[in-house]
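Let me begin by presenting the structure, written as structure tokens, before commenting on it.
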Amino acid sequence: MKDTAINVLKILEESPGPISGERIAEQLGITRSAVWKQVRELRRLGYGIASSRAEGYRLESTTSKLLPYEIHKRLRTRFIGKQIRHFDRTASTSWVAKQLASETDPEKLHGMVIIAEEQTGGVGRLGRAWVSPAGGIWITIVLKPKIPLDHLFMITMAGAIAIARAIRKEYNISALIKWPNDIFAGDKKVGGLLLELAAEADTVHYGLLGIGIDANISLADLPPNLKDTVTSLEAEVGHEVDRVALLARVLREFELRYQQLEDGEYDSIIREWKSLSLTLDQRVAIRTINKTFEGVAIDIDDHGALIIRKDNGRIERVIAGDCFQL
């Protein structure tokens with residue numbers, strides 16, 4: 001959104017009643033024609049603006065889009081989300097982030113959030129398609145981590161905690177974390193995360209934390225193979241949710257835990273993750289590249305691996321794989 005459109009919007013927001021195009025033009029030092037063009041642009045972005053010859057313009061409703069202007073009004077963070085790139089539609093926010101990181105010093109991008117209203121080529125864990133229709137929250141956070149290499153995996157843990165806490169605080173839903181990177185509401189998935197690292201030897205050039213949350217997604221619009229395993233916040237609470245408020249909350253919660261990681265407070269992150277775990281103390285089936293087995297998930301270790309007690313009593317450490325609750 002251009003600065004002129006933002007300035008027109010601010011005047012409409014602050015006006016106690018209708019305000020004429022002439023008065024807006026005078027305040028901003030632009031023509032009435034320019035005011036009309038900006039109003040038209042704001043309407044295109046989803047703002048409800050009424051107009052009449054007698055009274056002028058009146059803001060009736062805000063947009064439902066995840067626009068930087070709306071997010072910044074609620075953000076209250078130090079660095080996460082201070083820079084935002086917004087797209088109505090893109091193949092993948094991760095692809096956009098990688099392109100930016102290849103063109104710019106990642107240090108300058110630290111905390112930037114790439115947002116898409118819709119992704120056409122989203123990719124999840126193990127290269128699986130990430131269904132990303134309009135109405136969800138699809139973002140990538142660009143990071144230049146100052147975290148030891150052996151603790152970088154905890155960025156995903158911090159993100160999972162942030163999403164679960166945000167959903168709980170906004171909607172009083174008992175959101176839980178399913179190892180390794182899914183967020184569940186009840187027995188269905190409502191969100192997920194993916195951490196990608198660009199590294200060489202012992203140097204991490206940047207990290208990309210992808211987050212997807214099924215916010216205002218109609219379950220009827222989901223592919224048939226997902227309807228039994230996926231839900232949305234809209235379906236859980238019975239009405240559309242305020243995506244801007246939720247995203248701002250997620251970013252605030254994430255910054256808090258990310259700062260804990262940079263301060264070396266690893267035990268705090270692990271304890272909180274465990275308190276929100278859907279997986280621990282449950283009987284599970286594990287499928288890795290090489291094998292499949294069952295057992296009870298008894299713990300996670302300091303490197304994020306899931307510890308399984310198999311039926312024969314032996315302990316198995318799972319670094320990566322699929323986990324199914326039984």
What size of dipole, in debye to the nearest 20, comes out for the chain about its Cα centre when the only charges are +1 on Lys and Arg C-beta atoms and -1 on Asp and Glu C-beta atoms? 580
Given Cβ charges of +1 for Lys and Arg and -1 for Asp and Glu, the option among M112, A134, Y47 whose Cα lies farthest towards the positive end of the dipole of the chain is Y47
So the carbon and sulfur contribution to the accessible area of the chain, 1.4 Å probe, in percent, is 47
Computed E for S15/D267 - FRET, C-beta separation, R0 56 angstrom, nearest 0.05: 0.60
Ignoring ligands, DNA and RNA, how do L197, L42 rank by accessible area with a 1.4 Å probe, largest first? L197, L42
If I take R0 = 45 Å and measure r between the Cβ atoms of R58 and E103 in this structure, what FRET efficiency does the formula 1/(1 + (r/R0)^6) give, to the nearest 0.05? 0.60
Return the single residue from A305, A164, A25 with maximal mean-square fluctuation; model: Gaussian network over the chain, springs between Cα atoms under 10 Å. A25
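Using the heavy atoms of the protein chains alone and a 1.4 angstrom probe, what is the accessible area of the chain per residue in square angstrom? Each step should come with its number before you reach the end.
Details: 15760 Å² over 326 residues.
Value returned for the chain: 48 Å² of accessible area per residue.
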Spelling it out for Y206: with amide H atoms placed in the peptide plane at 1.01 Å from N, the residues 5 or more places away or on another chain with amide H under 5 Å from its amide H are A198
Taking the Cα centre as origin and putting +1 on Lys and Arg beta-carbons and -1 on Asp and Glu beta-carbons, what dipole magnitude results for region 65-220, to the nearest 20 debye? 540
Let's test this: bin the Cα-Cα distances of the chain at 20 Å from zero up to the farthest pair and state each bin's percent. 29, 52, 16, 3, 0
Among T156, G212, V35, which residue has its Cα furthest toward the positive end of the charge dipole of the chain, with +1 on Lys/Arg Cβ and -1 on Asp/Glu Cβ? V35
Calculated from backbone phi, Karplus (6.51, -1.76, 1.60) coupling profile of region 178-191 in Hz, x at Gly/Pro: 9, 4, x, 7, 10, 10, 10, 10, x, 9, 10, 6, 10, x
For K310, counting only aspartates and glutamates whose alpha-carbon sits under 14 Å away and dropping same-chain residues fewer than eight positions off, the answer is D281, E294, D299
Note the angle between two axes, namely the Cα long axis of helix 93-103 and the longest principal axis of the Cα atoms of the chain, as a number of degrees from 0 to 90, rounded to the nearest 10. 80
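On a 1.4 Å probe surface of the protein chains, which of H151, H72 comes out largest in accessible area, and what is the full order?
Details: H151 35, H72 80 Å².
From most exposed to least exposed: H72, H151.
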With angles folded into 0 to 90 degrees, how steeply does helix 154-171 sit against the dominant principal axis of the chain? Use alpha carbons for both and round to 10. 60
Lysines with Cα under 20 Å of K189, excluding same-chain neighbours fewer than 8 positions away: K169, K178, K227, K274
Roughly how many whole Å is it from the C-alpha centroid of region 36-80 to that of region 221-252? 23
With θ taken as phi - 60° and the coefficients 6.51, -1.76 and 1.60, list the Karplus ³J(HN,Hα) couplings across region 258-268 in order, rounded to whole Hz; mark glycine and proline as x. 5, 5, 4, 5, 5, 8, x, 8, 5, 4, 5
Put +1 on the Cβ of every Lys and Arg and -1 on every Asp and Glu Cβ in the chain; which of N181, Y69, I289 then has its Cα farthest towards the positive end of the dipole? Y69
Straight-line reach from K108: which lysines have Cα under 25 Å away, leaving out those fewer than 8 places along the same chain? K2, K73, K82, K98, K144, K146
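The values are calculated or read from the model by the stated rules, or taken from the named source; none is laboratory data. Keep in mind that this is a model prediction, so the values were computed, not measured. Heads up, the Cβs are rebuilt from the backbone with ideal geometry, glycines too, and the neighbour counts pull from every protein chain shown. The protein model used for the area step is the full one, side chains on, heavy atoms only, and it has no ligands, DNA or RNA in it. Shrake-Rupley method; radii C 1.70, N 1.55, O 1.52, S 1.80 Å.
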